[in-house]
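To start, the structure itself, in C-alpha cells.
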Amino acid sequence: MKHDPKLQQRLSRIQGQVGGIARMIEEDRYCIDILTQIQAVKSALRKVEEEVLKSHSAHCVAHAIDSGDVKDARRKFAELVELFGRTAR
C-alpha cells in the first residue's frame, strides 16, 4: 500500500486515544466516559479500514483486473470475500 501521511496521522491520533483510555481506566474514571472513548476509537478505526479498503480496491484489485491476469483478479476478489466473511462474524 502506498504511504499516506493522512492515514498515518489518523493512526497516531488513534494511538493517543487508546493511551487516554488506558489512563482513564487507571484513574477509575466513570464507565460511560470510558465506553464513549472506546466507541470513538472504534469509529476512527472503521474510517482507517475504509480508506485502506478503498486504496486496495483502487490499486491492487484494479491492477489485477487491468493486467488481464484472470487468476490474480479472482484471487484478489476471493481475498475480499474472505475478509468480509471474517468481519461479518
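The values are calculated or read from the model by the stated rules, or taken from the named source; none is laboratory data. Since the model is a prediction, treat every value here as computed from it, not as a measurement. All Cβ positions, glycine included, derive from the backbone under ideal geometry; neighbour counts span all protein chains shown.
Listed by position, the helices (runs of 4 or more DSSP H) contained in the stretch 6-89 that have at least 1 residues being at pLDDT 90 or above, out of contact with any Pro (no Cβ under 7 Å at 6 or more places or on another chain) and surrounded by fewer than 10 Cβ atoms within 10 Å (Cβ to Cβ) are 31-55, 70-87. Flag set for His63, criterion: at negative phi and touching a helix residue (DSSP H, G or I) at 6+ places or on another chain (Cβ under 9 Å). When you scan the stretch 59-79, do you find a residue that is under 20 Å from Gln8 (Cβ atoms) and either among the aromatic types (Phe, Trp, Tyr) or without any contact (Cβ under 8 Å) to a residue 60 or more places away in the chain (or both), even just one? Scanning the stretch 59-79, I find at least one residue that is under 20 Å from Gln8 (Cβ atoms) and either among the aromatic types (Phe, Trp, Tyr) or without any contact (Cβ under 8 Å) to a residue 60 or more places away in the chain (or both), so the answer is yes.
Taking the stretch 1-55 as the range and being small (Gly, Ala, Ser), free of Cβ contacts under 8 Å to residues at least 12 places away in the same chain and over 18 Å from Thr87 (Cβ atoms) as the test, the residues that pass are Ser12, Gly16, Gly19, Ala22.
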